[in-house]
Amino acid sequence: MRAAACTVDLSPLSATDLGASPGARLPWDGVADPIEVAFLALWPAEDNPPILLASFDVLFVGHTLRNLTEKVSGLPAERVIVGSTHTHQAPMVDSSKPKLGRVSETYMSMVADRIEPAVKALLQGSSGTVSLSAASGMARNSVNRRKYYRRYISRRILRNTMLNAPNKQGCTDETLITATLRAEDGAPVAIVWNYACHPVGRKPRNAVSAQFPGAIRERIRRSEGQSELPVLYFQGFSGNTRPSATIGSWRFRDLPKQLLNGLVFSNMSDRRYSRWVSNLAKRVDQTRACEKETPVDSIATKRVTIPASELYTEQPGEVSFVRLDLGSQFTLIGMSGEVVAEYAQTVRAIVDRPFVACAGCLDTPTGYVPVHAMLSEGGYEAQGFCQAFNVRSVQPSIEENVHKGFHLVSSGSR
């Protein structure tokens, strides 16, 4: 196959609302580290149109950016795969969720002005033959955030309340997938990697940051000796997981809560964040070192949609499911939702390939995607998110319908 890739800096030039930022009420603190979008174009054959992949450093891509990417590329929807790194410290660009942040038209105009010429140049410019190498590893860097606790509120104890708190026995998806596309001379053209963990927990300030996807990106670039190497990160099924280094609190006011309920979450200090990122980067490096060349005798992509009302009560719109097969060994498969980690094992069983990157937060997620057991447990992922996402309620049959979507996008695949 042939490939070409590029990156575009999307860092804002002035203060703007960040998506679901923990520091939204603080004074604007500028750009802590750059945010960007990475594009990767793949040509399966000389006479076929390309497939375009995009990884945006935003909370959710949203309809506007998704439609703009399609329009600029001139490609049909099934040949455009758009995902977000899901950083909670980037300008809000998804207008369908105003309670998570306001969209700046000025910023959106700047983004359009930057990505339009970049995509056109990428698709109309030169491309070269590439080889694909891939590997699957394991990390130990996330923790489940759903746990039953006794909770002290207003002088009474509530038992069996599902809280956002560390659950070391809870489900996580620690599978780490890496893939490298190299030119005939061995130089990297693009890196793709996938891991499931919410990019949250940095020092709470109102500053733009790509968080750990950006930090890992820079470390990969340094190791390859290319300062602008396109690195595409696709967020995994991380709806109920977050960095393990956010366990614990050093605030005196949290002491009573910890004595009653156990461990709580807190934001990482700069030192603790740096150590956690370094540990994750080490595991990414170890996985990349094990990459083996993966034959790509064919490229196939498929996109299906189901009504959003099959997942959420009386919800308009659609939920998308996407699959990309590079040869017979590597698959990227995902959906437009904040998918919980429990789905990863099921989806990998459906695909049954050596390298399966499960991607959540594609396109415009309608809401969280819990499994059936969570609906009776309650908690943010089961129902607490609904107001912020403009969702009425979750359908009792959500798990069955999500499985249906993944089976539909996998039917007929090699």
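Points worth noting:
- Gly62 meets all of the listed conditions (1) open to solvent by 10 Å² or more (accessible area, probe 1.4 Å); (2) at positive phi but one, namely (1).
- Checked against the criterion of being crowded, with 23+ Cβ neighbours inside 10 Å, in contact with a His (Cβ under 8 Å, 6 or more places away or on another chain) and assigned to a strand (DSSP E or B), the stretch 196-218 contains not a single residue that satisfies it.
- Check on Ser410, hydroxyl-bearing (Ser, Thr, Tyr), in contact (Cβ under 8 Å) with a residue 24 or more places away in the chain, surrounded by fewer than 22 Cβ atoms within 10 Å (Cβ to Cβ) and under 20 Å from Asn240 (Cα atoms): no
- Close pairs from the stretch 106-119: first among the acidic types (Asp, Glu), partner surrounded by 16 or more Cβ atoms within 10 Å (Cβ to Cβ), Cβ under 9 Å, at least 6 apart: Glu116/Leu68; Glu116/Val72
- Residue within the stretch 126-148 that is over 19 Å from the mean Cα position of the chain (by Cα) and part of a loop (DSSP other than H, G, I, E, B) present: yes
- For the stretch 1-53, residues that are open to solvent by 30 Å² or more (accessible area, probe 1.4 Å) and farther than 23 Å from Thr87 by Cα total 8.
- Cβ-Cβ under 6 Å pairs, at least 6 apart or on other chains, the stretch 286-313 side over 18 Å from Trp193 (Cβ atoms), far side of a type in the set (A, V, I, L, M, F, W, C) and open to solvent by 50 Å² or more (accessible area, probe 1.4 Å): Val304/Leu408
Each row is one residue, and each column tells you yes or no for (1) in a strand (DSSP E or B); (2) in contact with a strand residue (DSSP E or B) (Cβ under 9 Å, 6 or more places away or on another chain); (3) among the aromatic types (Phe, Trp, Tyr).
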position	(1), (2), (3)
Leu42	yes, yes, no
Ala45	no, yes, no
Ala54	yes, yes, no
Asn67	no, no, no
Glu78	no, yes, no
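- Pair list, Cβ < 7 Å and 6+ apart or interchain, from the stretch 331-345 residues that are open to solvent by less than 10 Å² (accessible area, probe 1.4 Å) to residues that are acidic (Asp, Glu): Thr331/Asp325; Ser336/Asp363; Val340/Glu381; Ala341/Asp173; Ala344/Asp173
- Residues within the stretch 352-372 that are open to solvent by 10 Å² or more (accessible area, probe 1.4 Å) and aliphatic (A, V, I, L, M), tallied: 1
- Verdict on Ser96 being buried (at least 23 other Cβ atoms within 10 Å of the Cβ), touching a residue at least 60 places away in the same chain (Cβ under 8 Å), out of contact with any Cys (no Cβ under 6 Å at 6 or more places or on another chain) and of a type in the set (Gly, Ala, Ser): no
- Scanning the stretch 114-129 for residues that are closer than 21 Å to Leu18 by Cβ, surrounded by fewer than 19 Cβ atoms within 10 Å (Cβ to Cβ) and not basic (Lys, Arg) turns up nothing.
- Any hit, the stretch 340-352, residues being of a type outside the set (Val, Ile, Thr), at pLDDT 95 or above, within 12 Å of the chain's Cα centre (by Cα) and at negative phi: no
The values are calculated or read from the model by the stated rules, or taken from the named source; none is laboratory data. None of the values given here were measured: they were computed from a predicted structure. Cβ sites come from the backbone with ideal geometry, for glycine too, and all protein chains shown count toward neighbours. Surface areas here come from the heavy atoms of the whole protein model, side chains and all, with no ligands, DNA or RNA. Shrake-Rupley method; radii C 1.70, N 1.55, O 1.52, S 1.80 Å.
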